[in-house]
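Derivation of every value follows stated rules applied to the coordinates shown; laboratory data play no part. Please read all numbers here as calculations on a predicted model, not as lab measurements. Please note: Cβ atoms are built from the backbone with ideal geometry, for glycine as well, and neighbour counts cover all protein chains shown.
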Amino acid sequence: MTLLKSQRLPIPSQKFGCRTYSPSPLVVDFAMEEEAHLEAAMMVADLSSPSSVKPGSSGAQGSPTNQAGLSKYAQLLSVIEEMGRDIRPTYSGSRSSAERLKRGIVQARILVRDSGMPEIVKLTSLNTELNADAVEWCPISGLENLLACATYELVEDEEKCEDKLEQYRRGYIYLYELQQDLSLKEVSKTETPGILDCKWSRRRISGHVCLATVDAVGKLRLFKYLPETSTLVGLSSLSLSGDSKSLLLSLDWSNVLSSADDGCSIVVSDSSGSVHVVSITQDKLTLTSSRKAHEFEAWIAAYDYFNTSVFYSGGDDCKLKVHDTRVDLETAVRSSNEHRAGVTSIQSNWLQEHSLVTGSYDERILFWDTRTMKRPRADVASPGGVWRIKHDPFDCRLIACPCMYGGSVVVDSGLPTPSVIVTYDFHKNINYGIDWCWRDEETNASPVSNLLAVCSFYDKLLSLAYLSKDTP
């Protein structure tokens, strides 16, 4: 199976029964001319006592301004729900339903305009030379302006490669610094084999700021950052592919909640379906255990940050598995088939115990309580296969996901039902990387907060953007 290519399922058409419908001209024709009249009615209603206008009365019927105490966002959701109930009757010629739907369209337009709905605004973009597939902001205090971007490219002509094994799939690690004007300045470029994932350690390792990478020649590599030269220097590497020549696909650090500098570990997944646990002691990488976890590619592996004896893996066999290093290495503790295609992304919430989020080629983002994994507690539709999941650094409420051919989305997990609140369509082909900047508002040099870095593969693009509004 070819790696790093979308296996996204076709997006189904919106249907009622077996018939596909298009918007009714009866509804759309008068929407624009009605808007001015409805706005006037809403302004009159604003000047009146809310209790003086009863639901269903003429004039400001169904006007969101009469939904006292509700945010504009909640009012918009209510209007959309009402519109959904009126769609079908319009196709059987119901004039009253068409009138209500027409008013709903106008109300929705006004609410979208006035509610200050969040959006992702692009600040800058740049070319990455090779195919970009991972971005990571440094979480270490004082270095939050440091961004790593990893690239991967399949060299077409092996004859031109000096070292066919190492260079057949080549890559770079770019380091950028965020400037005062919110531009990105490239400060170093480190040549490597093609990289498929990279992550900064949340804690210093033996005093060093460390970045780990996994690559196309089956090696886990540990780099240290040298602030005086803004460069990366290799500390240690470990081959995990053996004779299989497997590609390493993902990694995760165990020390997210740890206070110790040493004694942490990294879990790695590979294209043969195996997962590996590697310990780190004084800059040295040592293989602790390996297990065959999935029949096909193990796209992702991630720790339970509250109990790092437990980690999760997701594979192209559509399975989400729970592993415990304290028990039988060959048997998963639990396994779920809830996803209908390959499981490609997993992240544990480091502020809320027992909270896990997973994503898949099936274009779904699932929220789990890890104490009972028979079924997810929430299921959110995404516009494409979900390649990575990134909780925001400050309260883990917002979750950013690159959705391959479907752009990127931010999900608000703090709503009564987690929902996509904004999409980012600047990157077209294929969205593989996204991450939140760790700078809080107090350290920002400008009012802009909620900074995101996003990268895409065949576009060879890295962009910097921000979430323009607070969550509803």
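Site pair residue 81 and residue 204 shows an inter-label distance of 5.2 nm when each label is modelled 7 Å from Cα along Cα→Cβ. When only alpha carbons of segment 120-467 are considered, Rg and Dmax amount to 18.6, 57 Å. Candidates 266, 307, 238 compared by Cα position along the dipole of segment 120-467: farthest toward the positive end lies 307, with charges placed on Cβ. Taking 0.36 nm per residue of sequence separation and removing the Cα-Cα distance, the residue 281/residue 94 pair yields an extension gain of 60.1 nm.
The fewest-to-most ranking of 106, 310, 386 by surrounding Cβ atoms within 10 Å reads 310, 106, 386. In this structure, the amide hydrogen of residue 373, modeled 1.01 Å from its nitrogen in the peptide plane, lies closer than 5 angstrom to no residue at least 5 positions away or on a different chain.
Counting neighbouring Cβ atoms within 10 Å and putting the fewest first, the residues 312, 458, 168, 225 line up as 458, 168, 225, 312. With both labels modelled 7 Å from their Cα along Cα-to-Cβ, the residue 353 to residue 257 distance reads 0.6 nm. Note on 86, 435: ascending count of other Cβ atoms within 10 Å places them as 86, 435, the fewest first.
Assuming a ≥ b ≥ c are the square roots of the Cα gyration tensor eigenvalues, decide whether segment 343-472 counts as rounded (a/c under 1.5), prolate (otherwise, with a/b larger than b/c) or oblate. It is oblate, given that a/c is not under 1.5 and a/b is not larger than b/c. Stretching residue 239 away from residue 330 to a fully extended chain increases their span by 30.7 nm, per 0.36 nm per residue minus the current alpha-carbon distance.
Normalised by the number of residues in segment 234-370, the average gap of Cα pairs under 8 Å and 6 or more apart makes the relative contact order 16 percent.
For the pair residue 121 and residue 369, a Förster radius of 56 Å applied to the C-beta separation gives a FRET efficiency near 0.95, rounded to the nearest 0.05. With R₀ set to 41 Å, the beta-carbon distance separating residue 156 from residue 183 gives a calculated FRET efficiency near 0.80. Taking 0.36 nm per residue of separation and subtracting the current Cα-Cα distance, fully stretching the chain between residue 428 and residue 230 would add 68.2 nm. Principal axis extents of the C-alpha atoms in segment 289-423 (largest first, rounded to whole Å): 42, 29, 24. Other residues with beta-carbon under 9 Å from the beta-carbon of residue 240 carry, at +1 per Lys or Arg and -1 per Asp or Glu, a net charge of 0.
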